[in-house]
Every structure is written in structure tokens, then in C-alpha cells.
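Notes for the one structure printed next.
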Amino acid sequence: MKECPAFGELAVFPMHVIHFGKSDTIIMLNVKEAQAKVLERSAPLEAQSLALGPAVLGLVLAEDVTSDLDMPPYDKSMMDGYAVRTMDLGAGRGDLDVIEEVTAGQIPRLPLEAGQATRIMTGAPVPDGADAVVMVERTQMVDGRTVHIEDKPPKPGQNIMRRGREMRSGEVILSKGARLRPQELGLLATVGRTSARVQPAARVAVLSTGEEIVEAPASPGPGQIRNGNGPMLMARVARAGGVPRYSGLARDSLKSLRPLVADGLRADSLVLSGGVSAGKLDLVPGVLEELGVEAVFHKVAMKPGKPVFFGTHRHASGSRCLVFGLPGNPVSAFVCLELFVRPALRFLMGLEPGPHMVRARLAEEFAYRTDRQTYHPAVLAVDGGAWKVRPVPWLGSPDLRGVALANALVVIPVGDQVHREGTELDVLVVEV
């Protein structure tokens, strides 16, 4: 288990004690404490050998990679021009006999001798005897076999990349922990690799719940709404680097919930939305307990998203499934995913977990009253070389349209106050 990395500096509020209908007393954590508990129970996934291609973009190397060759494997011309001997062009000017032409992919047949030059193309091997390349723009063919050179005196090594300058055989060219981008894939191919050991992306089951929910193609009946959480959470999981799988829509009944939750627990992480509050039909925590999920926390002192649940389930292999029960209101689910699920998925992949926090100044005066630390949708931008943040109109946890206007969540502290223009606040950057 890795040591839990520090999160960005956020205001820390005292823990709250809350009471349910039973006699149990549950400690309600603040956001930073809850984030730490998630990472304490997370560990990077077991490395796998995967074929190199677009599917591994963004993954982290789990091995050092060494070169199997010198690169370039020969002294290489960096220009189209003429390979020459510098001693023949002490003044930078002269007429030389052209003895052959060498293009990329060919091997020179003739070494250079006094008064000779080889016509050479970019990337081609430099012939024996040559110690510089003069670019073609500084030359002129006098006849079919003679080139006139008009340039400054060439220096040894001019326009030549020496063998092994980029890398040497046996040299580590990518270290364990490197994140694979397109340039890393190109480098791996250069040293003959078609696969590599990497930290795999987390497999994430996404399960929507609710008696009132219908899927997008359906026309909602009385008291029903469409399932916006499923597609949103699937997309946010993918943005975090996970591999989402939609587990379906569970109704508010044990018969419907049990098999879908059990199926989701086979993944590296299960993300549910809805059914985690204290209502009569909020059955998710009970089903999770019945299926062997160990609860870590249930409720965090934050807004929106207070009823968020986190627990773990042991697979038969000994690995853990990280289980997140997100509130059903879409903005609550969105915020909880950014604060808790996204960092966990990144940690499983061997990445710095985040979340990405910055300090920014309010672009305008903002009055707000809240009894819990609030993550308010906002627009974050650079203005005059500094971060500025502007809260967007927002009607609360059901208002996903307000979040569509935002690219960040500004953290509003507890209290009833007018925050003056220029006040500096914490801001969670929502990665696009």
C-alpha cells in the first residue's frame, strides 16, 4: 500500500456527529479526511503486459525500458547537401568531384578522398572519410560530376548526428512511472517494443438506481425523470482514465438491486448513483452490507453530496473493489465523483491522485449562505496573469444545466457572508 499523498490545501472543518434512526452514532468527516480514507484503502493495480497502441495512451509504465540499439545506428546526415572533408574547404569555397549519391535507406559504397564529395540526403549514412555536410542551398552543380561550394569554412561534425547520440544500446530510455503519450509510443517502437508492462486502467461498473428513473429514449411518465447520471458518470470515469461499464438501472427493490450490485462488485470499482440517503427506499447501504462491503464512511460535511458512501469489497483474489455510493441528484453525483472517485481511479493507475486545486480571486462580489463547505459551479480563467473565478447561476444539487456552464467548482466556506471582489478562494479545476 502506498503512503497517502497530500491533497491540496483546503480549509479543514471539525467533524460532525450525526444520528440515524438507530442508536448508532456516525462520525461525519470533512472532505479532506474523507479523501484520505479513500486513498488509504486504495493501491495501484497489478501491472500487466499490454500491446502498444492507442488503448494504452495515458497509462503508466511499470518497468524500465532499455534501448536494443544505438540511435542513430550510424553517423547520419541532418541535411540534404554534400558530405565533404573539412580540410578540402579551408576557405569555405571550392570545386569538388561528386563520386556518388546516397539517399536514406542506402549505404555509401565509396569512401571520400581528397577533393571529393558525396551527394547526400537527410537521414542517410555519412560516408567514411567525410566529417561535415554542407547544405544544398550553399552549393551549385557546375556539370554532372562537379559541385561548387560557396559557404563559410565547415567545422568537423557540421550537420552530422553521430552514432548513438540519441541513445546507446542498453541505456534506459524510459523509466518506470513514465506516462505513455504518443511520443513515448513512438520511442518504444523505435527500440523494437510491441508491448510493455503498465499499470492498467481501472475497470469501473456504473449503476444507476431509482424507481422514478427511465432511460433516455423513454418518455417520462408522471413522477419520472430520465437517467442523466448514467451517461454523465460513464463519461467522467472515462475522463479520469478508467474503463467504464454500464451495469444498468436498478429499481428500489432488493430483488432488482442485489444482482446488479453483485455484478458490479466484480470490477475494480463500483460507482452507484441514488439510494444512499435516509429515505424509506434508500436501500443501497443495506444491500452493500449484505454483499460483504465494508463501510468506511457514509456522509461527508459538504454541499452538495453530503450522503456520499464509500466502502470496500474483497475479491476472491485478495484485491479490493472500491465502492462509491453517490447521491441521486446529478450535481451531487458530479461533485462527489470529482472529489473522491476520480482521485481513487488515478491512484489505482499509478498517477498522482489530485484533485487539481488552485487559488483564485473572485471576479465579482458574491453573497452566499451555507452551513457546509460548498462546491459551487464556476468559470475559472486567467486574467492579467492570475486566476480569476466567477460563480455561475446555480439552483442547487438537481441543476445540472448550471454545471454545463462551468469549468470549475469554487469552494465556499461555511457562513452567511458577502465575499468581496478579489477575495481569494480554493477552486477545484474540472478536467475537460
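Look at the dipole of the stretch 330-432 built from charges on Cβ: of 349, 362, 374, the Cα furthest out on the positive end belongs to 349.
At a 1.4 Å probe radius, carbon and sulfur cover how many percent of the accessible area of the stretch 282-432? So the carbon and sulfur contribution to the accessible surface is 49 percent.
Taking every C-alpha pair closer than 8 Å and separated by at least 6 residues, the mean separation divided by the residue count of the chain gives a relative contact order of 15 percent. For the chain, the antiparallel share of DSSP beta bridges with both residues in that region comes to about 70%.
Farthest toward the dipole's positive end in the chain, which of 122, 232, 34, given Cβ charges of +1 (Lys, Arg) and -1 (Asp, Glu) about the Cα centre? About the Cα centre, the residue reaching furthest to the positive side is 34. If R0 equals 41 Å, the separation of the Cβ atoms of residue 266 and residue 405 corresponds to a calculated FRET efficiency of about 0.65. Each label was represented as a point 7 Å from its Cα along the Cα-to-Cβ direction; for residue 175 and residue 365 these points are 5.2 nm apart.
Heavy atoms of the protein chains alone define the surface here; on that basis the chain has 48 Å² accessible area per residue at 1.4 Å probe size.
Counting 0.36 nm for each residue step from residue 432 to residue 193 and taking away their Cα separation leaves a gain of 82.9 nm.
Net charge near residue 407: determine it from the other residues with C-beta under 11 Å of the C-beta of residue 407, scoring Lys and Arg +1 and Asp and Glu -1. Counting the neighbours of residue 407, the net charge comes to 0.
For the chain, what Kirkwood radius comes out of the mean inverse Cα-Cα distance, in Å?
26.0
Taking a ≥ b ≥ c as the square roots of the Cα gyration tensor eigenvalues, with a/c under 1.5 meaning rounded and otherwise prolate when a/b beats b/c, else oblate, which class fits the stretch 54-145?
Verdict is prolate for the stretch 54-145.
Taking a straight line from the alpha carbon of residue 155, these aspartates and glutamates sit under 18 Å away, with near neighbours fewer than eight places off in the same chain left out: 75, 80, 88, 95, 113, 128, 131, 137. Which of these, 136, 341, 410, has the largest mean-square fluctuation under a Gaussian network model of the chain (Cα springs below 10 Å)? Evaluated over the chain, the most mobile residue of the options is 136. The stretch between residue 239 and residue 135 holds 32.7 nm of extra length on full extension. This uses 0.36 nm per residue minus the Cα-Cα distance.
Could you state the angle between the C-alpha long axis of helix 254-264 and the longest principal axis of the C-alpha atoms of the chain, as a value from 0 to 90 degrees rounded to the nearest 10? The angle comes out near 20 degrees. Taking every protein chain into account, the 1.4 Å probe leaves residue 394 with about 40 Å² of accessible area, to the nearest ten.
When Lys and Arg each count +1 and Asp and Glu each count -1, what net charge do the other residues less than 11 Å away from residue 315, Cβ to Cβ, add up to?
With Lys, Arg at +1 and Asp, Glu at -1, the neighbours total +2.
Here residue 317 sits with roughly 100 square angstrom of accessible surface, probe radius 1.4 Å.
3J(HN,Hα) along the stretch 294-311: 8, 6, 9, 8, 8, 4, 10, 6, 7, 8, x, x, 3, x, 4, 10, 9, x Hz, from the Karplus curve 6.51 cos²θ - 1.76 cosθ + 1.60 with θ = phi - 60°, whole Hz, x for Gly and Pro. Find the centroid of the Cα atoms in the stretch 321-359 and in the stretch 116-165, then give the distance between the two in whole Å. Here the answer is 58 Å between Cα centres. How far is helix 229-239 tilted, in degrees, relative to the longest principal axis of the Cα atoms in the chain, given as a value from 0 to 90 rounded to the nearest 10? Approximately 30 degrees, to the nearest 10.
Using just its DSSP H runs of length 4 or more, each adding -39500 (n - 2.57), the chain gives a mean residue ellipticity at 222 nm of -4000 deg cm²/dmol after division by all residues.
The stretch 363-430 and the stretch 167-226 have Cα centres separated by 30 Å.
Report the extension gain between residue 253 and residue 165 in nm, rounded to one decimal, defined as 0.36 nm multiplied by the number of residues separating them, less their alpha carbon distance.
Between residue 253 and residue 165, full extension yields an extra 25.0 nm.
Neighbours of residue 214, meaning other residues whose beta-carbon lies under 12 angstrom from its beta-carbon, give a summed charge of -1 when Lys and Arg score +1 and Asp and Glu score -1.
Each label point was placed 7 Å from the Cα along the Cα-to-Cβ direction; for residue 74 and residue 421 their separation is 6.8 nm.
Of all DSSP-defined beta bridges confined to the stretch 192-336, some 35% are antiparallel rather than parallel.
The values are calculated or read from the model by the stated rules, or taken from the named source; none is laboratory data. From a predicted model like this one, the values you see are computed outputs, not experimental measurements. Positions of Cβ are generated from backbone atoms using ideal geometry, with glycine treated the same way; all protein chains shown enter the neighbour counts. SASA here: full protein model, heavy atoms, side chains in, ligands and nucleic acids out. Shrake-Rupley method; radii C 1.70, N 1.55, O 1.52, S 1.80 Å.
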